[in-house]
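Report on the following structure.
The values are calculated or read from the model by the stated rules, or taken from the named source; none is laboratory data. This structure is a prediction, so every number in the text was calculated from the model and none was measured. Virtual Cβ from ideal backbone geometry, glycine too; neighbours counted across all protein chains shown.
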Amino acid sequence: MKNFFIVAFMLISANFVKAQNNLVFNEAKLVTLSVITEVTVPIGKVWKVEHADGVTNSETIFLLNNIEYTFEKVNTSSTGALWLPAGTSIKKGNTVTGKYATDRISLIEFNVVPL
């Protein structure tokens with residue numbers, strides 16, 4: 001009987017828990033970055049950066065909303081994904097800091113679909 005109440009409570013409470021939005025795969029992209037021109041994540045989209053391609057195999061940099069971001073890599077594969085919400089601007093970093101600027105990023109684009 002105790003198990004019945006636990007299962008019933010879980011089923012009833014599951015109906016009240018809802019996510020704010022749902023992500024639906026749109027396309028895989030390879031975006032070339034420039035020092036001058038910035039690329040912005042479109043409204044209604046979310047980008048998941050999977051790989052940043054630069055001169056070195058250890059780390060690359062780019063600017064997110066004009067703030068320097070270092071993307072760490074181990075053996076040419078990234079150590080983690082980076083999620084960018086709609087409206088985030090991204091452009092190639094400079095090499096003044098002694099790091100290597102990112103030339104391209106490979107990413108997965110998702111559509112944000114309200115539930």
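Odds and ends about this structure:
- Filtering the range 1-45 to residues that are modelled with pLDDT under 95 and acidic (Asp, Glu) leaves only 38.
- Beta carbons closer than 6 Å, at least 6 apart along the sequence or on distinct chains, pair a first residue in the range 79-104 that is modelled with pLDDT under 60 with a second that is among the β-branched types (Val, Ile, Thr) and surrounded by 13 or more Cβ atoms within 10 Å (Cβ to Cβ) for 99/61; 100/60.
- Where a residue in the range 27-42 is without any contact (Cβ under 8 Å) to a residue 60 or more places away in the chain and its partner, wherever it lies, is in a strand (DSSP E or B), with Cβ under 6 Å and at least six apart: 34/92; 38/89; 38/91; 39/31; 39/90; 40/89; 41/47; 41/84
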